[in-house]
Amino acid sequence: MNPSLTGYYAGRAWLAAGPPNGLGRPPAAGQPRRVGGGAASRLANESGGSRPRGKAGKGPSGRFRPMGARVGRSAANGSGGGAGFAPKRGEEAMAATGGRRCRRLEGETARAVLANADTLLFDCDGVLWRGEAALSGAPAALGRLAAAGKRLCYVTNNSSRTRVAYTEKLRRLGFPPAEPRHVFGSAFCAARYLRQALPPGAAAYVLGSPALAAELEAAGIPHLGPGPAALPGPAPADWAQAPLEPAVRAVLVGFDEHFSYAKLCQALRYLLRGPDCLLVGTNRDHRLPLEGGSAIPGTGCLVKAVETAAEREAFIVGKPSRYIFDCVASEFDIDPARTIMVGDRLDTDILMGNTCGLTTLLTLTGVSTLEEVRGHQESDCPARQSLVPDYYVDSIADLLPALED
Ligand SMILES: [Mg+2]
């Protein structure tokens, strides 16, 4: 345990008032208890903590718009459609049934959309690279965007790397140089959230990676928990009597290869102390695809295990929660009307971008497919409509022609 935990009880006055938005706490008596749910229902929870749902939200930049209000659209993506390019394979112009419509980004439309943008937010895996290999043409596309004066930020749910580690990977794979402050990983954002929500000296019990611990360290938040843990005895009575650190006032769940029953047990015991102990998750990605069509369980599985045991819902900092965008907007002067979110997942990248009033661009180099887009687009369900991007490209290398002088 970090020795800097002394003085924790100086923060007791704050505990009576609760965290800034009440999220991560158990429901009040008589309120329904929700655990999990679909992407849209999750977003409703995650985005509604500090601002009423469906009303104008105002972030640090003061530029947020009413949810659902679309901004940054070129005329070519308006209701008239069809301006500037012809469909190629019969799938490019996907007619909607009255809601959002997604179109291939190319030609003059691409030039206009990119000219209107001053900031691009990139998801990483499946957009810039797969594993340790950059996607063909991706470094060149970002190089041209940077040369054109665009601000490039990196927004990822992966909690297993620090900001610094991401800048090193970008450099290693040939992308334009980035500073750590341009990287918004869920580990950094979780540490930022806890720094805001916890009283001075309060600690976090962490189910996560060394990178998550490092970001907490950088944020000055005492923590314990990373690494393997064994049950403290042979019987349940032993498990319920393992020592607890009195300074812990949050359980933080990220990707943890050492996740175990012992850790789950300890997390529950901290959370059973009551609403003064927050429950925070880095993201809900439930499956991480691997090359060759395989997959491994994602952080969402671990978050759900803790939620189920604790019978309460976690506050999620990663996409599709708008908290991760709030982190970007607190660092830079972001105008949503001039910002493009580029991602490969509809239920995280695109949903977050749509919710925050950004122009959204799906790349088909990762998880989501055009068939899924079409299914959502043809649905009358508003929650599914919120998963439809404004544009798509086969790869961000497709942006290169629009970036030529
Ligand atoms: Mg991705």
Filtering strands (runs of 3 or more DSSP E) wholly in region 245-329 for at least 2 residues that are of a type in the set (A, V, I, L, M, F, W, C) gives 248-253, 278-281, 295-297
Filter region 162-188 down to the residues that are within 16 Å of the ligand (Cβ to nearest atom) and either in the same structural domain as Pro246 (by TED's automatic domain parsing) or over 17 Å from the mean Cα position of the chain (by Cα) (or both) and list them by number. Lys169, Leu170, Leu173, Phe175
What pairs can you find where one residue is in region 366-380 and free of Cβ contacts under 8 Å to residues at least 40 places away in the same chain and closer than 23 Å to Asp125 by Cβ, the other is among the aliphatic types (A, V, I, L, M) and more than 16 Å from the ligand (Cβ to nearest atom), and their Cβ atoms are less than 8 Å apart, with a gap of 6+ or different chains? His376/Val388
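Before we move on, is Pro226 under 16 Å from Gly281 (Cα atoms), surrounded by fewer than 22 Cβ atoms within 10 Å (Cβ to Cβ), touching a Leu at 6+ places or on another chain (Cβ under 8 Å) and of a type outside the set (D, E, K, R)?
Values: under 16 Å from Gly281 (Cα atoms): yes; surrounded by fewer than 22 Cβ atoms within 10 Å (Cβ to Cβ): yes; touching a Leu at 6+ places or on another chain (Cβ under 8 Å): yes; of a type outside the set (D, E, K, R): yes.
Answer is yes for this residue.
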Kindly check whether there is at least one residue in region 376-384 that is closer than 21 Å to Arg284 by Cα and within 16 Å of the ligand (Cβ to nearest atom). no
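Tell me, which residue of region 122-140 that is of a type in the set (A, V, I, L, M) and away from the ligand (no atom under 12 Å from the Cβ) is surrounded by the fewest Cβ atoms within 10 Å (Cβ to Cβ)?
Quick first cut of region 122-140, residues of a type in the set (A, V, I, L, M) only: 127-128, 133-135, 138, 140.
Applying the additional criterion that residues be away from the ligand (no atom under 12 Å from the Cβ) yields 133-134, 138, 140.
Values: Ala133: 9, Ala134: 19, Ala138: 23, Ala140: 18.
Of everything passing the filter in region 122-140, Ala133 is surrounded by the fewest Cβ atoms within 10 Å (Cβ to Cβ).
Filter region 338-360 for residues that are under 16 Å from the mean Cα position of the chain (by Cα) and under 20 Å from Ala115 (Cβ atoms); which is farthest from the ligand (Cβ to nearest atom)? Give the steps one after another, and end with the answer.
At the first step, the residues of region 338-360 found to be under 16 Å from the mean Cα position of the chain (by Cα) are 340-358, 360.
Narrowing the set further to residues that are under 20 Å from Ala115 (Cβ atoms) leaves 340-342, 353, 357-358, 360.
Values: Ile340: 15, Met341: 12, Val342: 10, Gly353: 13, Gly357: 21, Leu358: 16, Thr360: 14 Å.
Filtering first and then ranking leaves Gly357.
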Considering only region 141-160, I want to know if a residue exists there that is closer than 19 Å to Ala214 by Cβ and either surrounded by fewer than 23 Cβ atoms within 10 Å (Cβ to Cβ) or away from the ligand (no atom under 12 Å from the Cβ) (or both). yes
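The values are calculated or read from the model by the stated rules, or taken from the named source; none is laboratory data. These figures come from a predicted structure and were not determined experimentally. No Cβ is skipped: glycine too gets one built from the backbone with ideal geometry, and neighbour counts run over all protein chains shown.
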